[in-house]
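The values are calculated or read from the model by the stated rules, or taken from the named source; none is laboratory data. Small disclaimer: the values here were computed from a predicted structure and weren't measured. Glycine also receives a Cβ, built like all others from the backbone with ideal geometry; neighbour counts cover every protein chain displayed.
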Amino acid sequence: MGRRPDRLPDHLQALYDERRQAIRRRLQDFASVPSERYFYEACFCVCTPQSKAASANVVVMRLEEARFLERGGDPSPLLRSAEHYIRFHTTKSGRLLRLREEWGSLLDLIRSTPDSSVLRDTLVERIDGYGLKEASHFLRNIGRRDLAIIDRHLLRNLVDCGLYMEIPNVSTRKRYLGVEGEFRRFSDRIGIPMDELDLLFWSAITGEILK
């Protein structure tokens, strides 16, 4: 554990001041996603682990164009295309098919569970391929707030901010929730919501405010 900083490093504060409005618009975009698109946001988070977000985004756009939810079909040729290659495409194709089969009950669950932390835990249990990170990512992308998407980008920035001396291990539920708690307390101390910090950290590394 590092010290307990109460401000962003100067370079991140300057970037936040520059991008604050764009970050807030992006979060509003997430909150405006209609429930008819939730399935494809869930597909996106099946595809992203160990693959490029941009490639996953193209794949999901193609799935939506093909009306995969309504029509089904084999998604594996799309996932293994060299133009937008998704690693472990065979495994992830199977996961997408199972997600499609169970989507009706999952959508009912999402609509009927107001507590995001409870819903996250249930999605981890119900959706093949989801861990806490993927479930948090999906929920953020449909407008839920106050859940941390703890990936390498966020962890590097938490070190940069002084919360940790080195990148912490988040390989277990207990460790993930521990880092999420530290991140939430840091967010409270500096007065910037976790969701805004997450997009700030992502954009600091990639130059883009993506989902």
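Taking helices (runs of 4 or more DSSP H) that fall entirely within region 1-92, which contain at least 1 residues that are charged (D, E, K, R), without any contact (Cβ under 8 Å) to a residue 40 or more places away in the chain and closer than 30 Å to E180 by Cβ? So that I can check it myself, show each step before the final result.
On the way: elements: 10-31, 38-47, 53-65, 68-71, 76-79.
Correct list: 10-31.
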query: Looking only at helices (runs of 4 or more DSSP H) that fall completely inside region 95-204, which ones have 2 or more residues that are under 23 Å from L15 (Cα atoms)?
result: 132-141, 152-160, 173-190
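Going through region 139-170 one residue at a time, which ones are among the polar types (S, T, N, Q) and surrounded by 15 or more Cβ atoms within 10 Å (Cβ to Cβ)? First the steps, then the outcome.
Looking only at region 139-170, we keep the residues that are among the polar types (S, T, N, Q), and these are 141, 157, 169.
N141, N157 - these are the residues of region 139-170 that are among the polar types (S, T, N, Q) and surrounded by 15 or more Cβ atoms within 10 Å (Cβ to Cβ).
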message: For region 90-99, give me the residue count where each residue is in contact with a helix residue (DSSP H, G or I) (Cβ under 8 Å, 6 or more places away or on another chain), over 13 Å from V60 (Cα atoms) and either surrounded by 16 or more Cβ atoms within 10 Å (Cβ to Cβ) or not assigned by TED's automatic domain parsing to the domain that holds R126 (or both).
response: 2
- prompt: For region 171-185, what are the residues that are closer than 15 Å to G131 by Cβ and crowded, with 18+ Cβ neighbours inside 10 Å?
  reply: Y176, V179, E180
message: I need the full set of residues from region 52-83 which are farther than 18 Å from L99 by Cα, within 21 Å of the chain's Cα centre (by Cα) and of a type in the set (G, A, S), in order please.
response: A53, A54, S55
